[in-house]
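Take a look at this one; I'll ask things after.
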Amino acid sequence: MVLDASMDTDGEVRVHQLQSGAHGELLRGDKLAEANANNEMLWMLHRRNCLANKPTNPKPDHVQLNLPKRANRRRSFRS
């Protein structure tokens, strides 16, 4: 279970520290409501806010890109 690096007020995972490591408990429904009512800081799943999984904004139809054509040669700024 991949979690964000810090706890968040919108989190939904309670982490239990064990001798053998850690265990994440995904809270839903009444358990999540109870944790929120107790102002418990929970961990957020990384996939919920990872930018790699979000679609890009589409270009509106009325916007046109007028980019210059690329030259075939690479420019070098070295002397």
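Output the residues belonging to the stretch 40-60 that are charged (D, E, K, R) and either part of a helix (DSSP H, G or I) or in contact (Cβ under 8 Å) with a residue 60 or more places away in the chain (or both).
If the condition is that a residue be charged (D, E, K, R) and either part of a helix (DSSP H, G or I) or in contact (Cβ under 8 Å) with a residue 60 or more places away in the chain (or both), then ARG47, ARG48 are the ones that fit.
Can you name every residue in the stretch 1-39 that is open to solvent by less than 50 Å² (accessible area, probe 1.4 Å) and outside any strand (DSSP E or B)?
GLY11, GLU12, LEU27, LEU32, ALA35
ASN39 is checked against (1) more than 13 Å from ARG14 (Cα to Cα); (2) modelled with pLDDT of 80 or more and fails just one. What number does that condition carry?
(1)
The values are calculated or read from the model by the stated rules, or taken from the named source; none is laboratory data. Please read these numbers as outputs of a predicted model, since none were measured by experiment. Because the Cβ atoms are built from the backbone with ideal geometry, glycine has one as well, and the counts that use them run over all protein chains shown. The accessibility values were calculated without ligands, DNA or RNA, using every heavy atom of the protein model including side chains. Shrake-Rupley method; radii C 1.70, N 1.55, O 1.52, S 1.80 Å.
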